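Following: one structure in structure tokens, then a few remarks.
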Amino acid sequence: MAIDQQRLENFLHRYIADVGAAMSATLVLIGDRLGLYRALAEIGPATPAELATKTRCAERYIREWLAAQAAGGYVEYDSATGRFYLNEEQAFALTHQDSPVDIAGGFLIAAAMVKSEPKLRQAFRFGHGVGWHEHASELFEGTERVFRPNYATNLVNSWIPALDGVEDRLQKGARVADVGCGHGSSTILMAQAYPNSEFYGFDYHASSIEVARMRAKAAGVSDRVKFEVAAATDFPGGDYDLVAFFDALHDLGDPEGAARRTLRALDRTGTWMVVEPFAGDKLENNLNPLGRMYYSASTMFCTPGSLAQDVGAALGAQAGEERIRGIAHAAGFSAFRRAAETPLNVVYEIRP
């Protein structure tokens, strides 16, 4: 075996970075859940003892935690004073759940991955599915925290306006179904923006629907937003002006069946809005850091979740536009276009 020493060293450097990041994930969650980042942002440059006093935590743990965070670039360290602090960008990403880049949610999903490893190891061996509901609660919390900031930034401001005539209908008063709504973030954001319209959120996961109902009540929109446990292939109602699937179509066991149900549920002039993770049609288009993240999540959650359902199409989180287009056309839709995109998502406008 001929080993290229430089390539080996480069690979080991990648390993050190990756295992360090994996080990740091739990520390980020501790910082988020104990309010360590928020406290550090509030008091400014602080010694470990000062942060420990502020957060009522043990100083020795805080000292080690801060050292690890500084080594990873998640906090700054001033060697002249022995104090730690958050720069503005770190504080923006780590201390505000309504920030467009609330990054702690991704580490919650990573924690859920670790907890699910024994189940997925068995699934790898025998080929069976693992349902969304079978994962740890960190997955549901983390998914909302990852996706909600993106929806808050783009959904009303750019995605819906990119759809032909949809915003006008929503402003005047429309019927909207949000299929695969999870904790209801997308549904509630639309309801807040379009008070003349009615919104219906559907998800097969009963616990998520319970959370969505509480969130709608807290947001003051429960009179116009109804959440119900239902699958994507048989959700109730009809004559919808808009049916939306936010980062959900690729998770379904039977995406074509869901598309056919959507076609029947739409008003004849209605729109099916499909938001999917950004992906190219070929594997080589997705071999990048974002693709790595999406393929990893897809391996642990999306693909096994689909395999646990009827049909088990297992599109995966990097399905690509042509596969989504093929599903729409096979279900009977005639019009399909890419309406908008961000670095994380692609928005498709699909019509009967």
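Taken together, the values in this text are just the output of simple stated rules run on the coordinates, not laboratory data. As the structure is a prediction and not an experimental result, all values here were calculated from the model. Cβ atoms come from the backbone with ideal geometry, glycine included; neighbour counts cover every protein chain shown.
The residue that is nearest to A314 (Cα to Cα), among those in segment 114-142 that are surrounded by fewer than 21 Cβ atoms within 10 Å (Cβ to Cβ) and among the aliphatic types (A, V, I, L, M), is V130. Residues in segment 159-186 that are buried (at least 20 other Cβ atoms within 10 Å of the Cβ) and over 20 Å from L263 (Cα atoms): 6 in all.
For segment 20-50, a residue qualifies if it is assigned to a helix (DSSP H, G or I), among the hydrophobic types (A, V, I, L, M, F, W, C) and more than 23 Å from the chain's Cα centre (by Cα), and the qualifying residues are L36, A39, L40, A41, I43, A49. Residue-level analysis places D239 outside the set of residues that are within 17 Å of G201 (Cα to Cα), in contact with a Ser or Thr (Cβ under 9 Å, 6 or more places away or on another chain) and in contact (Cβ under 8 Å) with a residue 12 or more places away in the chain. Within segment 166-178, the set of residues being free of Cβ contacts under 8 Å to residues at least 12 places away in the same chain and on the phi > 0 side of the Ramachandran plot is empty. Restricted to segment 180-290, the set of strands (runs of 3 or more DSSP E) holding at least 2 residues that are in contact with a Phe, Trp or Tyr (Cβ under 8 Å, 6 or more places away or on another chain) and farther than 25 Å from S334 by Cβ comprises 198-203, 225-229.
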